[in-house]
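One structure is given below, encoded as structure tokens.
The values are calculated or read from the model by the stated rules, or taken from the named source; none is laboratory data. Bear in mind that the values here come from a model prediction, so they are computed numbers and not experimental data. All Cβ positions, even for glycine, are placed from backbone atoms using ideal geometry, and neighbour counts span all protein chains on display.
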Amino acid sequence: MSKRAVLEVIALDVEDAVAAQAGGADRLELVTDMAADGLTPSAATVAGIRAAVDIPARVMLRLADGFAAGNVERLVGAACEMREAGAEEFVLGFLDPDGDVDLGAVERVACVLEGCRWTFHRAIDRAADRDALRKQLDGVPGLDTYLTAGAAEGVGVGMPTLLAEARRRGEPGYEQQLLVGGGLGLEHVPTLLDAGIDGFHIGGAARPGGWAGPVSAEAVAEWRRVLGG
């Protein structure tokens with residue numbers, strides 16, 4: 001019997017987190033400022049969410065729009081602050097101006113996470129060479145997931161890449177879970193499940209009122225039903 005697919009939901013605040021858990025989410029991604037595609041939330045928000053729900057939550061480590069690391073010492077400081085607020089899992093990913101992984105920045109932040117599990121986010125969809133990025137990150141402590149749509153344009157365009165990467169699961173650089181998100185719709189789910197993909201990430205799809213409105217427990221529950229379990 002295949003294991004239950006993971007459903008991760010973006011939460012901006014306690015209300016979102018409670019609704020996501022009520023709807024059957026397995027995990028949260030905690031961010032602020034979706035106009036910038038999600039930045040590091042406040043320590044108070046993280047602490048409040050950790051107190052309000054008991055499902056895992058991955059906290060974004062990203063200080064500005066775009067995929068450059070920026071000031072790495074500030075990132076390290078943010079990581080330490082988030083850990084003090086109760087964060088145990090994280091989301092990060094940095095590219096250099098050429099579209100290659102900024103390995104120095106990633107390793108510096110991963111070092112202060114001390115083995116905490118983390119996701120390399122959709123920066124992979126902007127990388128000059130996805131395969132090279134995965135190979136370079138192979139063995140970095142804590143990395144267990146790639147959040148990807150397969151293409152910068154979203155899942156609709158990236159599906160062939162997602163299916164190809166799913167077939168490589170277990171190869172060096174491909175041991176991590178594929179967490180599919182970015183323009184993900186319910187119509188994509190059967191194809192992805194058939195390919196053995198077992199991670200799904202939603203943001204706007206959990207919010208019938210758009211980003212100005214809260215997460216809907218009913219919308220999350222519909223995803224949970226379609227994903228099974």
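Scanning segment 189-221 for residues that are over 23 Å from Met34 (Cα atoms) and surrounded by 13 or more Cβ atoms within 10 Å (Cβ to Cβ) gives Val189, Thr191, Leu192, Leu193, Ala195, Ile197, Asp198.
Looking at the structure I just gave you, is Asp16 on the phi > 0 side of the Ramachandran plot and of a type in the set (D, E, K, R)? Don't jump to the end; show me each part of the working.
Details: on the phi > 0 side of the Ramachandran plot: no; of a type in the set (D, E, K, R): yes.
Criteria not met by Asp16.
Looking across segment 60-96, just one residue is touching a His at 6+ places or on another chain (Cβ under 6 Å) and hydrophobic (A, V, I, L, M, F, W, C), and that is Val91. Answer with yes or no whether Ala51 is closer than 18 Å to His201 by Cβ and surrounded by fewer than 16 Cβ atoms within 10 Å (Cβ to Cβ). Judged against the criteria, Ala51 is not a match. Scan segment 6-30 for residues that are in a strand (DSSP E or B) and buried (at least 22 other Cβ atoms within 10 Å of the Cβ) and jot them down. Once the filter is applied, which keeps residues that are in a strand (DSSP E or B) and buried (at least 22 other Cβ atoms within 10 Å of the Cβ), segment 6-30 yields Leu7, Glu8, Val9, Ile10, Ala11, Leu28, Glu29, Leu30. Could you identify the single residue in Ala87, Ala105 that is under 28 Å from Asp54 (Cα atoms) and modelled with pLDDT of 95 or more? None of the others qualify; the one that does is Ala87. Filtered by the rule that a residue be at pLDDT 95 or above, farther than 13 Å from Arg207 by Cα and of a type in the set (Gly, Ala, Ser), segment 2-17 gives a lone residue, Ala5. The residue that is nearest to Ala47 (Cα to Cα), counting only those in segment 82-99 that are surrounded by 15 or more Cβ atoms within 10 Å (Cβ to Cβ), free of Cβ contacts under 8 Å to residues at least 40 places away in the same chain and over 17 Å from the mean Cα position of the chain (by Cα), is Arg83.
One residue stands out among those in segment 31-60 that are touching a residue at least 40 places away in the same chain (Cβ under 8 Å) and part of a strand (DSSP E or B): the one that is nearest to Gly142 (Cα to Cα), which is Arg58. Of all residue pairs spaced 6 or more apart or on separate chains, those with beta-carbon atoms under 6 Å, a first member in segment 199-220 that is under 12 Å from Ala17 (Cα atoms) and a second member that is acidic (Asp, Glu) are Pro214/Glu15; Pro214/Asp16; Val215/Asp16. The single condition among (1) in a helix (DSSP H, G or I); (2) modelled with pLDDT under 95 that Arg74 does not satisfy is (2). Looking across segment 169-183, the residues that are in contact with an Asp or Glu (Cβ under 9 Å, 6 or more places away or on another chain) and either in a strand (DSSP E or B) or surrounded by fewer than 17 Cβ atoms within 10 Å (Cβ to Cβ) (or both) come down to Arg169, Pro172, Glu175, Gln177, Leu178, Leu179.
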